[in-house]
Every structure is written in structure tokens, then in C-alpha cells.
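The values are calculated or read from the model by the stated rules, or taken from the named source; none is laboratory data. Everything quoted here is computed from the prediction, not taken from an experiment. Don't worry about glycine lacking a Cβ; one is built from the backbone with ideal geometry, like all the others, and counts go over all protein chains shown.
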Amino acid sequence: MSRRPIIAGNWKMNKGIKEANELIESLKPLVKDATAECVFCPPFIDLPDAVRLTKDTNIEIGAQNMHWEEAGAFTGEIAGEMLKAIGVKFVIIGHSERREYFNETDETVNKKTIKALKLGLKPITCCGETLEQRESGKAKDIVVNQIKNGLKDIDDITAVVIAYEPIWAIGTGKTASNAEANEACGWVRETIGEMYGPEAAEGVRIQYGGSVKPGNVVALMEEPNIDGALVGGASLTADFAKIVKFDAQA
Ligand code: PGA
């Protein structure tokens, strides 16, 4: 089974509506021939314009979070239904910044992932270890547990994109070596195989994230277990097109 590469930009809390619209307009012509699936994940307030501006293009729009409930007294939250209604297609779930600063747990990650799939939104569900965990030899256990708990009871696991992002490589300029990134994506794939069988393991797409740039994406994408990238800092300028079109640089 061949897995289509998927490159997603996580804009985090950057770019208001005007700047977001400008960046989208500048990227549209630059990514139009990309063979990889191309996803932009701007802040919530940018989403309606982002969906409108990318209609009839090869760019898909994702949110950076959602709540698992449909409505109610959840101040500051956005329901998956609301995202779906405006034409959002993807949603990042359980990013390490949400786990660290907003108390996301494997349990909430699981609820959100299940709910997103139920709504027909495609989750980009994140996992990854801290530097301390890696240095003490616990990286594999941490990642395997995040997958076992965060991605249990999923009907169609191949509709989930899994992003492996070692926390020590996020926004630090330190990329995991290609071999380290591939090895950890392999732990994820193996765990999915144990949970859902060999076909699921073969079909599920796994992204690497953490200081991905135009200069390192080609080599990362050559690794057999890496099917794409979740890109933070380097998704905020028109240079992101070079990452999306990694295969044209190879
Ligand atoms: P970075 O962020 O590319 O800036 O390291 C990646 C992410 O947090 O998704």
C-alpha cells in the first residue's frame, strides 16, 4: 500500500486575519503542483477566510484544537461541529503545547480523536517525548503509551494522521536525526500494528515534527516510516512551499 505524503503547517498563535490571508494568497500558486497533501492550520479566527480563500485549490484547512462536546458551558472552547460547519477538514489534536500548558491528557486526546472521526474531520493526533524522557531511555515507553491510550477504540485508524514530535526538537532548531525520527515513527507504526493489525500499520500515515525546514525535509521524507511533516516555525512564510514540494527538491 502506498501512503500519500502529507505536509501540514501548524501556525500556532500566529497571524491575524489580514496576515493569514496574505500568506495564504502567496502560498496558493507556490504549492499548486505539489504531489503531497497540503494542510494549513491557522488560528481559529482565521479559519472562515482560510476555507473561502482555498476553495478549489489543493490546500486543505485544519484547526489546532477542538472540544469533544457538541455545545455547552465550555468557555473558550470550539466544538468539532462548528469546525465542520465552516468547511474545516483537519484538526490537530494533543499537540505537546496543549498537553503542557492546557492539561491535555491521553484521555482527552482519545475523546477528541474519536469525536473528530465521527464528524468526518481528519485528526492529526500528536505524540512525543521530552528531552528528559529521551535521555533517561524512556522515549519508546512514553510514545507507545501515548498511542495505546490516546488512540484506543478507533474505528478507522487509517483516517488518523499521527504526528510524532519529540518535544526537545520543537521550535529549538534541534531536529531529531533522520534515524531517530524514523525509529520513533517505527515505534508508532508497530504499536498501531499491535492494536489494529498489519494492514492498519501499513496504511496509517505518520508525520515527523520538530524543526522541519526546507533544508532537512528531503532527507526526513526518505525514511521509510516517515510519511510527512508537521511544521511550526517554517510554515509561517512563503518558504513553506519548499517543504510542501520536498519531492521537487530531491
Ligand atoms: P517547529 O514546530 O517546526 O517550529 O519545531 C513543530 C510543531 O510544534 O508542530
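Is it the case, given these coordinates, that residue 165 is within 20 Å of residue 216 (Cβ to Cβ), within 16 Å of the chain's Cα centre (by Cα) and of a type in the set (D, E, K, R)?
It is true that residue 165 is within 20 Å of residue 216 (Cβ to Cβ), within 16 Å of the chain's Cα centre (by Cα) and of a type in the set (D, E, K, R).
If residue 39 meets every condition in (1) assigned to a loop (DSSP other than H, G, I, E, B); (2) of a type outside the set (D, E, K, R); (3) buried (at least 22 other Cβ atoms within 10 Å of the Cβ) apart from one, which number is that one?
(1)
Exactly one condition in (1) at pLDDT 95 or above; (2) outside any helix (DSSP H, G or I); (3) within 21 Å of residue 41 (Cβ to Cβ) is not met by residue 153; state its number.
(3)
Might you check whether a residue that is assigned to a loop (DSSP other than H, G, I, E, B) and β-branched (Val, Ile, Thr) occurs anywhere in the stretch 2-17?
no
How many residues are away from the ligand (no atom under 13 Å from the Cβ), in a loop (DSSP other than H, G, I, E, B) and on the phi < 0 side of the Ramachandran plot when one looks only at the stretch 90-110?
Here the count works out to 3.
For the stretch 158-250, which fully contained helices (runs of 4 or more DSSP H) count at least 1 residues that are away from the ligand (no atom under 16 Å from the Cβ) and crowded, with 16+ Cβ neighbours inside 10 Å?
Answer list for the stretch 158-250: 178-196, 198-203.
Looking at 59, 7, which is the one that is of a type in the set (A, V, I, L, M), within 16 Å of the ligand (Cβ to nearest atom) and buried (at least 21 other Cβ atoms within 10 Å of the Cβ)?
7
Being β-branched (Val, Ile, Thr) and touching a residue at least 12 places away in the same chain (Cβ under 8 Å) is the filter; apply it to the stretch 91-112 and report the residue that is surrounded by the fewest Cβ atoms within 10 Å (Cβ to Cβ).
Checked the stretch 91-112; the qualifying residue surrounded by the fewest Cβ atoms within 10 Å (Cβ to Cβ) is 108.
List, please: which pairs have Cβ atoms under 6 Å, are six or more places apart or on different chains, and start with a residue in the stretch 1-17 that is within 15 Å of residue 202 (Cα to Cα) and end with one that is assigned to a strand (DSSP E or B)?
3/205; 4/37; 5/228
Any chance the stretch 118-127 includes a residue that's farther than 28 Å from residue 217 by Cα, of a type in the set (A, V, I, L, M, F, W, C) and either more than 14 Å from the ligand (Cβ to nearest atom) or under 17 Å from the mean Cα position of the chain (by Cα) (or both)?
Taking every residue of the stretch 118-127 in turn, at least one turns out to be farther than 28 Å from residue 217 by Cα, of a type in the set (A, V, I, L, M, F, W, C) and either more than 14 Å from the ligand (Cβ to nearest atom) or under 17 Å from the mean Cα position of the chain (by Cα) (or both).
Check whether at least one residue in the stretch 26-41 is away from the ligand (no atom under 16 Å from the Cβ), modelled with pLDDT of 95 or more and among the aromatic types (Phe, Trp, Tyr), and report yes or no.
Within the stretch 26-41, not a single residue is away from the ligand (no atom under 16 Å from the Cβ), modelled with pLDDT of 95 or more and among the aromatic types (Phe, Trp, Tyr).
Give just the number: which of (1) assigned to a loop (DSSP other than H, G, I, E, B); (2) more than 16 Å from the ligand (Cβ to nearest atom); (3) without any contact (Cβ under 8 Å) to a residue 12 or more places away in the chain does residue 132 not satisfy?
(1)
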